[in-house]
Amino acid sequence: MHDFRYVGSKLYCEHVPVESLARKYGTPLYVYSQRTLTQHFQKLNRALLPLDHLICFAIKANGNLAVLRTLNNLGAGFDIVSEGELRRVIAAGGDPQKCAFAGVGKTEAEIAFALRQGIYAFNVESEPELQRINAVAGRLKKMAPVAVRVNPNVDAHTHAKITTGTYQNKFGIAFEEVEGVYARASKLKHLRLRGLQMHIGSQLTEARPFIEAVRKVAPLVARLSSKYRFEFFSIGGGLGIVYQPALASGSEKWWSSPKAKRILTPEKYAHELLPLLQPLGLRVLIEPGRFITGNAGILVTRVEYIKRTGQKNFVIVDAAMNDLIRPAFYDSHHEIVPLTRRSDRLISSDVVGPICESSDFFCKDRKLPKVSPGDYLALLSAGAYGFVMASNYNARPLAAEVLVQGSAAAVVRERQPTAKLWEGEKVPRWLERQSR
Ligand SMILES: *Cc1c(COP(=O)(O)O)cnc(C)c1O
């Protein structure tokens, strides 16, 4: 399922030893496999072939231009949540006409920009937003393509911070209210009611919540579709990935575990949903983020110190929560493996970063191979919600990103120079006068 594996004692990304990249470009370093990206996209695309469909990659998961270009070349559309993301798509050579604009807080400026670019649809999250889009479209003398995001009130059974489809969440319009909203929207002159959208959450590892939501919403879609002549139904993203394969020791593949096989595959997902979707006769949009890029990226870091306290073995590395916040933010598990396997001795370890926060950790009390300062480690499955969530906390420059294809590797984002950290900051005159 991905192209990071050991050849002898060395971890490779496709045909490139990852340690050679760490030495050449420094750490912390994100490394992406183009082949993995491509295969994940194609796997999902193949599974959905019986449907008229468009895969709109949720670029909030990974917005690097090289990643977007890779997916664009495969025919992907994009799910965007800001003007910045739309500009990213355009910068990567993507087509605004394949973009759906999500999010609860679209500003007038963002709506106007997206309308001028001719996006495929606004996925609308409230009635005031519908009115705002109508007004902006009127001013620009355009018709705005819209879909209402329905909140089906279905529990996705995932982490609370990534559940979006229940009435406890800020997202979408309540299932019971949607028909009334369309009726009122149909009276707004500058809207084209193009479809309906939903998205129930992220990192879903079973088909059940998807089925439950589509079953509930499909009859509504059918009714509205015949009334307003819809073109599409977007079923959102959320396909989960394997973060925690039970590693078979000595295995060349991280992925050969029974646990990994139980994950919801695109084939199973399609097998369950196609019978519910095909009768609608609509174009189906799907908005995966994590599924496409999650396992296509790793974060490489160098061991700086080993610190033993009475109770703990701390492995202090040069990456931190500012580079990858998922463990601190979502209690996420990332496999941690050495770039060079030297020792089979496992030691219970806490891998931590240099930031002055107790939540700056990558794992706690986990059995890891013994490592020494100067060794490199990789945090696996870091290709989604990794770099995009990075910050400059503790005045730490943003990491570099590298894309690998076969035996070629290219820097697709330079490491941020330290001097850029205060670019744009200014000391006001009155403070300058007060110096000395
Ligand atoms: C975040 C998000 C996605 C992508 O979620 P994944 O779990 O990464 O697939 C898709 N659609 C919407 C509206 C989102 O907010």
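The values are calculated or read from the model by the stated rules, or taken from the named source; none is laboratory data. Here the structure is a predicted model, which is why all the values come from computation and not from measurement. Please note: Cβ atoms are built from the backbone with ideal geometry, for glycine as well, and neighbour counts cover all protein chains shown. Protein only, heavy atoms only, side chains kept; ligands, DNA and RNA dropped before computing areas. Shrake-Rupley method; radii C 1.70, N 1.55, O 1.52, S 1.80 Å.
Relative intensity of region 34-290 on a log10 scale, I(q)/I(0) at q = 0.17 Å⁻¹, equals -1.37, per a Debye sum over C-alpha point scatterers of equal strength in the absence of solvent. Expressed in units of 2.2 N^0.38 Å, where N is the residue count, the Cα radius of gyration of region 118-166 is 1.49.
When each of the peptides 188-196, 162-170 is scored by the mean number of other C-beta atoms lying within 10 Å of its residues, the order from highest to lowest reads 188-196, 162-170. Helical content alone sets the calculated 222 nm signal of the chain at -8000 deg cm²/dmol, taking -39,500 (n - 2.57) per DSSP H segment of four or more residues and averaging over every residue. Overall dimensions of region 1-138, expressed as equivalent-ellipsoid semi-axes from the Cα gyration tensor (√(5λ), whole Å, largest first), are 36, 18, 11.
In sequence order, region 236-242 has phi-based couplings of x, x, x, 4, x, 10, 8 Hz under the Karplus curve 6.51 cos²θ - 1.76 cosθ + 1.60, θ = phi - 60°, and Gly or Pro positions carry x. Rounded to the nearest whole Hz, the Karplus-based 3J(HN,Hα) values (6.51 cos²θ - 1.76 cosθ + 1.60, θ = phi - 60°) of region 90-104 follow the sequence 5, 4, 8, x, x, 9, x, 5, 10, 10, 10, 9, 9, x, 7, with x at glycine and proline. Note on region 385-436: the C-alpha convex hull projects to 5.6 nm² when averaged across all orientations. Each residue of region 270-287 was assigned a 3J(HN,Hα) from its phi angle through the Karplus expression (A = 6.51, B = -1.76, C = 1.60, θ = phi - 60°), giving 5, 4, 6, 8, 3, x, 7, 8, 4, x, 5, x, 10, 6, 9, 9, 10, 10 Hz with x at Gly and Pro.
For a 30 Å ceiling on Cα separation, which of these pairs sit above it: K24/K268; K24/K60; K24/K370? With Cα atoms farther than 30 Å apart: K24/K268.
Going by average Cβ density within 10 Å per residue, which order do the peptides 304-313, 265-274 take, highest to lowest?
Going by the mean number of other Cβ atoms within 10 Å, highest first, we get 265-274, 304-313.
Mean silhouette area of region 295-415, derived from the convex hull of its C-alpha atoms and averaged over all directions, reads 7.8 nm².
Amide H contacts of V242: none lie under 5 Å away among residues 5 or more positions distant or on a separate chain (H built 1.01 Å from N in the peptide plane; Pro and chain starts excluded). Beta bridges from DSSP with both residues in the chain: antiparallel share about 50 percent, rounded to the nearest 5.
Separation of region 132-163 from region 1-74 is 29 Å, based on Cα centroids.
Translational diffusion coefficient of region 162-228 (Stokes-Einstein, Kirkwood radius from Cα pairs, 4 °C, 1.567 mPa s): 97 µm²/s.
What pairs in K98/K161; K141/K216; K98/K187; K98/K216 have C-alpha atoms more than 32 Å from each other? In this structure, K141/K216 lie more than 32 Å apart at Cα. The GNM of the chain, with springs linking C-alpha atoms under 10 angstrom apart, assigns the highest mean-square fluctuation among I235, I298, I90 to I90.
Amide H contacts of S349: D365, R366, K367, L368, each under 5 Å away and 5 or more positions distant or on a separate chain (H built 1.01 Å from N in the peptide plane; Pro and chain starts excluded). Surface composition of the chain: carbon plus sulfur atoms contribute 51% of the solvent-accessible area (1.4 Å probe, protein chains only, all chains present). Overall shape of the chain was characterised from the C-alpha gyration tensor. The equivalent ellipsoid obtained from it has semi-axes of 40, 27, 19 Å, in decreasing order. A simple spin-label model places pseudo-atoms 7 Å from Cα toward Cβ; at M389 and A91 they are separated by 2.2 nm. By the Kirkwood approach, averaging reciprocal distances over each pair of separate Cα atoms, region 1-59 gets a hydrodynamic radius of 13.6 Å.
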